[in-house]
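Worksheet for the structure shown next.
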Amino acid sequence: MDRAEALRALEEERERGVAALAGAADLESLEAARTAVMGRKSRFGELQRSLGSMAEEDRRSVGAVANEVREVLQAAAAERLSALRAVAEEALLAADHLDLSLPGHRPRRGSLHPITLAEYEIVDIFTSLGFRVAEGPEIEDDWHNFQALNIPPDHPARTMKDSLYVDVPGHPELLLRTETSAVQIRTMQSQPPPVYVVAPGRVYRRETPDPTHSPVFHQVEGLAVDEGITFGDMKGVLETVAKALFGEERRVRLGPAYFPFVEPGAELGVSCFACDGAGCRICGDGWIELLGCGMVHPTVLENCGYDSERYTGFAFGIGSDRVALLRYGIPDIRMLFDGDVRFLSQWGATP
Ligand SMILES: [Zn+2]
């Protein structure tokens, strides 16, 4: 091969090689093109080897061109390689793409039940007055639930609140508590006076469900026992609570009522928050009967080992469900226990 022929061939290889390398569609075909263009068995490889058989002078000038062509081809291969790598990386990123602007999956959100809201509100008012929260078991024995509260076995009050007894072998007198008053007994048994507690919780009676009755309902009961506690103290505390719940402008009234564990017993009414005492669909005669209360019966104090000559006290019980019904204008107590999310969504639960 003479010099002119070799230079022409190198020129052809430069053009053909650059085109082949630049046209490689992916990393694999680039490698194949590199072998075809610059490999030992390529035409360019042959041309390089043929330099050895050329005259010294030709070899030098043709060699210089060959080096130049090799550099051009190597540069073309490197350029194509980095371009293909960029494309591959972009494809990977696209496959992995996370679009933060897309709307997310909104988690279902729960909320506090209206009874819980009412209970928290009532308890908050009492704790701000210095009462502390006491809790007890929902399954009680006969002594704590009835006898200690001055309700002996033959007392007619036991038929007033037909109870739900629990069938536990060896414990014939266990029942679902009919009031949280048993917590008052347990508290007095566990500590000397003074006592200022409220006992929020769930209670049970054998009731047929209707718009105003449910076999399960909720109470916040309270007890204050100290030296020198009077009926006036009770009225003052309960009036403060009624106003905190239903508005500063509310008036209260006390009427006589009978509960075996208090003497005297009373019912506290609050002037209607909707009609202010004029009479309406909510209240009827202008007053809402809010709670039962009274001065703790001396027998109850003695049952718990308190000196009833030295200590006096008052007790009361507010229905948390009743407060929730009034506060939120709910027409039927059964709605509180249906678990219907469409109803509960009014307090923030996601339907
Ligand atoms: Zn009214």
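The values are calculated or read from the model by the stated rules, or taken from the named source; none is laboratory data. This one's a predicted model, so the numbers in the text were calculated from it and none came from an experiment. Because the Cβ atoms are built from the backbone with ideal geometry, glycine has one as well, and the counts that use them run over all protein chains shown.
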- Does region 10-20 include one or more residues that are in contact (Cβ under 8 Å) with a residue 40 or more places away in the chain, within 22 Å of Ala83 (Cβ to Cβ) and surrounded by fewer than 17 Cβ atoms within 10 Å (Cβ to Cβ)? no
- Please specify each residue of region 274-305 satisfying the condition of being assigned to a loop (DSSP other than H, G, I, E, B) and of a type in the set (A, V, I, L, M, F, W, C). Ala274, Cys275, Ala278, Cys280, Ile282, Cys283, Cys304
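Out of curiosity, is Leu245 touching a helix residue (DSSP H, G or I) at 6+ places or on another chain (Cβ under 8 Å) and either over 15 Å from Asp321 (Cα atoms) or surrounded by fewer than 16 Cβ atoms within 10 Å (Cβ to Cβ) (or both)? Talk me through it step by step, then tell me what you get.
On the way: touching a helix residue (DSSP H, G or I) at 6+ places or on another chain (Cβ under 8 Å): yes; either over 15 Å from Asp321 (Cα atoms) or surrounded by fewer than 16 Cβ atoms within 10 Å (Cβ to Cβ) (or both): no.
Considered against the rule, which asks whether it is touching a helix residue (DSSP H, G or I) at 6+ places or on another chain (Cβ under 8 Å) and either over 15 Å from Asp321 (Cα atoms) or surrounded by fewer than 16 Cβ atoms within 10 Å (Cβ to Cβ) (or both), Leu245 comes out as no.
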- Number of the exception - Glu179 against (1) of a type outside the set (A, V, I, L, M, F, W, C); (2) in a strand (DSSP E or B); (3) within 23 Å of Pro298 (Cα to Cα): (2)
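Suppose we filter region 229-249 for residues that are within 16 Å of the ligand (Cβ to nearest atom) and either acidic (Asp, Glu) or in a loop (DSSP other than H, G, I, E, B) (or both); how many remain? Can you show your working first?
Of all residues in region 229-249, those within 16 Å of the ligand (Cβ to nearest atom) come to 242, 245-247, 249.
Retained after the next criterion (residues that are either acidic (Asp, Glu) or in a loop (DSSP other than H, G, I, E, B) (or both)): 247, 249.
Final tally of qualifying residues: 2.
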- Can you confirm whether region 33-48 contains a residue that is in contact with a Lys or Arg (Cβ under 6 Å, 6 or more places away or on another chain) and either in contact (Cβ under 8 Å) with a residue 12 or more places away in the chain or within 12 Å of Ala77 (Cβ to Cβ) (or both)? no
- Query: Which residue pairs have Cβ atoms under 7 Å apart, sit 6 or more places apart or on different chains, and have a first residue in region 272-289 that is acidic (Asp, Glu) and a second that is within 7 Å of the ligand (Cβ to nearest atom)?
  - Reply: Asp285/Gly279
- Within region 287-316, how many residues turn out to be surrounded by fewer than 20 Cβ atoms within 10 Å (Cβ to Cβ) and among the small types (Gly, Ala, Ser)? 2
- Query: Within the set of pairs 6 or more residues apart or between chains, which connect a residue that is basic (Lys, Arg) inside region 170-189 to a residue that is surrounded by fewer than 22 Cβ atoms within 10 Å (Cβ to Cβ) with Cβ atoms less than 6 Å apart?
  - Reply: Arg177/Glu138; Arg186/Gly136
- Identify, please: which residue in region 250-273 is out of contact with any helix residue (DSSP H, G or I) (no Cβ under 8 Å at 6 or more places or on another chain), within 16 Å of the ligand (Cβ to nearest atom) and in a loop (DSSP other than H, G, I, E, B) and is, among those, farthest from Ile288 (Cα to Cα)? Arg251
- Message: Residue pairs, Cβ under 8 Å, 6 or more apart or interchain, first in region 244-255 and on the phi > 0 side of the Ramachandran plot, second at pLDDT below 95 and not in a helix (DSSP H, G or I). List them.
- Response: Gly247/Phe273
- In region 44-84, which residues are loosely packed, with under 12 Cβ neighbours inside 10 Å and not in a helix (DSSP H, G or I)? Ala55
- Among the numbered criteria (1) within 16 Å of the ligand (Cβ to nearest atom); (2) farther than 16 Å from Gln219 by Cα; (3) of a type in the set (D, E, K, R), which single criterion is violated by Asp307? (1)
- Item | Within region 279-298, tally of residues that are more than 21 Å from His218 (Cα to Cα) and more than 16 Å from the ligand (Cβ to nearest atom) | 4
- Message: When you scan region 321-331, do you find a residue that is at pLDDT below 90, over 23 Å from Pro200 (Cβ atoms) and more than 12 Å from the ligand (Cβ to nearest atom), even just one?
- Response: yes
- Pick from region 115-158, criterion modelled with pLDDT under 85 and among the charged types (D, E, K, R), ranking: farthest from Arg205 (Cα to Cα): Asp154
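From the residues in region 146-169 that are touching a residue at least 40 places away in the same chain (Cβ under 8 Å) and assigned to a loop (DSSP other than H, G, I, E, B), which one is farthest from the chain's Cα centre (by Cα)? So that I can check it myself, show each step before the final result.
Just the residues of region 146-169 that are touching a residue at least 40 places away in the same chain (Cβ under 8 Å), to begin with: 147-151, 155, 157, 161-164.
Narrowing further to those that are assigned to a loop (DSSP other than H, G, I, E, B): 150-151, 155, 161-164.
On the way: Asn150: 42, Ile151: 41, His155: 45, Lys161: 36, Asp162: 37, Ser163: 34, Leu164: 32 Å.
Across region 146-169, the extreme among qualifying residues is His155.
Among the listed residues Thr127, Thr116, which satisfies the condition of being under 30 Å from Val323 (Cα atoms), among the polar types (S, T, N, Q), touching a strand residue (DSSP E or B) at 6+ places or on another chain (Cβ under 8 Å) and surrounded by 11 or more Cβ atoms within 10 Å (Cβ to Cβ)? Step through it out loud before you land on a result.
Details: Thr116 fails: touching a strand residue (DSSP E or B) at 6+ places or on another chain (Cβ under 8 Å).
Answer to the check: Thr127.
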- Query: Which one of these does Arg60 not meet: (1) touching a residue at least 24 places away in the same chain (Cβ under 8 Å); (2) of a type outside the set (Val, Ile, Thr); (3) over 27 Å from Arg85 (Cβ atoms)?
  - Reply: (1)
